[in-house]
Amino acid sequence: MNLYFDNSSTSFPKPEGVSQSINEYFSHGGTYGRAAYNRVIEVSRKVESTRSLLANLIGTSLAPNVVFTSNATHAINLFIRGMRYPKKKVIISPLEHNAVCRPLQYLFQTAGVGVDTFPHHPDGRIDIQKAAKVNFASYDLGIINHVSNVNGVIQPIKEIKRLMGNTPLLVDASQSAGRVEIRADEWKLDALALTGHKGIMGPTGTGALFIRNPDMADPLIFGGTGSNSESYLQPIDLPDRFEAGTPNIVGIYGLWGALSSGMGYSFKREHFVELLHEISTFSSFKLLAADDTDFQSDVFSIKPLGMEVSELARILFEKFSVETRSGLHCAPLAHRTLGTFTTGAVRFSLSKFHTDNDLDYLHSCLKKIDEGRS
Amino acid sequence: MREEANTGFTILIFSNIHQVMHAEKIIADKGYPYRIVPVPSNLSSECGLCIRIESSYLDSILSDLQNIKVEIHTLNNEP
């Protein structure tokens, strides 16, 4: 039985191919580019193959525009801090993580960049009808957390970008990549940040930024790339413009293993929806989830009524061995939007390894706790 | 693999490793003979790698590489 329900923090277990691929790297070694012996050529092929797999995952034909980063936070910072802000205005979703809020707060303090919030429904989903009345031309940038790491709401990215027109949109795909469909080209996304160790189920220390127009942002880090070495200037070609220094080759090998696993979900979607419905009937908890299940990913939270969230997490682990994350989930804005600031909630985040039986077990645990309190 | 025509060699230099690997995949998939070699220091101060092809296949390969930016250097001797 898989009782690990904290996959939004980091996924576990990983597909077998992750450790196999990492072991393959340790058995032959080698760096990326810089020389032309077989060890290097093999590594370079694998790194570029991984880049292509990532491009395919997010639905873009622009593989060189997918640049490796150490995680989604790094990718978000690269884009947000690399941009210029002549209008000094950014509009964000009401469910943003501190990976977005903190760099924006820094830009507010140091450059006077102001932040507005998209009009939204009570569950934080952006209200398309009201958003149609927003003057997006007055903004330098929009930022949307594709899938909330608190209640799992999936934002209607395609429709929002259509409304935004030429105003650039950065999508934070930390929770969505590997979990829900992303079509970067079809949706005309300007930038997208992802991490490799959550929905994709790769190793920590891996991530990527997709940037459609590299002129939109200055590099965050400058240095050697194995190209244009005679020049002190950072290369303008992608991906080198944003990839100074030796990449995380070990991590990228693991990421290749994850992306190549082809793993599907082991639980049925309708079983998960039924679980949410059952939890919503328990009198001891308030369910934090999408109001419309069409916009629900496999992440949700509950706020216990009359009990500390940390106490519920403790009971779940000590009595039932269920691993969850309690608190604010680094998303105080999301919890403010959902009315659970400052206490937070207990989050359950599933993975493709969970089965219907695992969901049934979780249901029985919560039911026992609810019955013991009612 | 296509037959080697032995008409001398041409070096293809790309802007970065991504482009080398991208071009290599296209060249390999089409079955052209090629080798990945260090960038000759008489051609560039670059420290990376490039692709050496048979000169007789240059036009066909360039056609297959389409929009990939490439520097072309014909060699008199094998590097």
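The values are calculated or read from the model by the stated rules, or taken from the named source; none is laboratory data. Fair warning: this is a prediction, and the values are worked out from it, not measured in the lab. We place every Cβ from the backbone using ideal geometry, glycine too, and count neighbours over all the protein chains shown. For the accessible areas, the whole protein counts, side chains as well, though only heavy atoms, and no ligand, DNA or RNA atoms are used. Shrake-Rupley method; radii C 1.70, N 1.55, O 1.52, S 1.80 Å.
When you go through (1) more than 13 Å from every other protein chain (Cβ to nearest Cβ); (2) at pLDDT below 95 one by one for B:LEU43, which number turns out not to apply?
Failed condition: (1).
With respect to A:HIS271, is the statement that it is without any contact (Cβ under 8 Å) to a residue 12 or more places away in the chain and closer than 12 Å to A:HIS363 by Cα true?
Spelling it out, it is not the case that A:HIS271 is without any contact (Cβ under 8 Å) to a residue 12 or more places away in the chain and closer than 12 Å to A:HIS363 by Cα.
Table: residues versus (1) under 30 Å from A:ARG34 (Cα atoms); (2) open to solvent by less than 10 Å² (accessible area, probe 1.4 Å); (3) part of a loop (DSSP other than H, G, I, E, B).
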| site | (1), (2), (3) |
| --- | --- |
| A:VAL250 | yes, no, no |
| A:GLY254 | yes, yes, no |
| A:GLY262 | no, no, yes |
| A:LYS286 | no, no, no |
| A:SER301 | no, yes, no |
| A:GLY306 | no, no, yes |
| A:SER326 | no, no, no |
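Let me spell it out: the conditions are (1) in contact with a Phe, Trp or Tyr (Cβ under 8 Å, 6 or more places away or on another chain); (2) away from chain B (no Cβ under 14 Å), and A:ALA244 meets all of them except one. Which number is the exception?
Tallying (1) in contact with a Phe, Trp or Tyr (Cβ under 8 Å, 6 or more places away or on another chain); (2) away from chain B (no Cβ under 14 Å), A:ALA244 fails exactly one: (2).
With the requirement that a residue be among the aliphatic types (A, V, I, L, M) and either in a helix (DSSP H, G or I) or over 18 Å from B:VAL39 (Cβ atoms) (or both), what does segment A:25-45 give you?
Within segment A:25-45, A:VAL40, A:ILE41, A:VAL43 qualify.
Tell me yes or no: at least one residue of segment A:39-48 is within 14 Å of chain B (Cβ to nearest Cβ), farther than 22 Å from B:ILE26 by Cβ and without any contact (Cβ under 8 Å) to a residue 40 or more places away in the chain.
yes
Just to be sure I understand, how many residues within segment A:10-24 are outside any loop (DSSP other than H, G, I, E, B), hydroxyl-bearing (Ser, Thr, Tyr) and surrounded by fewer than 21 Cβ atoms within 10 Å (Cβ to Cβ)?
1
Among the strands (runs of 3 or more DSSP E) lying completely within segment A:66-163, list those that include at least 2 residues that are at pLDDT 95 or above and open to solvent by less than 10 Å² (accessible area, probe 1.4 Å).
Qualifying strands (runs of 3 or more DSSP E): A:66-69, A:89-92, A:141-145.
Do the conditions hold for A:LEU57, that is, is it in contact with a strand residue (DSSP E or B) (Cβ under 6 Å, 6 or more places away or on another chain), touching a residue at least 60 places away in the same chain (Cβ under 8 Å), among the hydrophobic types (A, V, I, L, M, F, W, C) and not assigned by TED's automatic domain parsing to the domain that holds A:THR337?
Details: in contact with a strand residue (DSSP E or B) (Cβ under 6 Å, 6 or more places away or on another chain): no; touching a residue at least 60 places away in the same chain (Cβ under 8 Å): yes; among the hydrophobic types (A, V, I, L, M, F, W, C): yes; not assigned by TED's automatic domain parsing to the domain that holds A:THR337: yes.
No, not satisfied.
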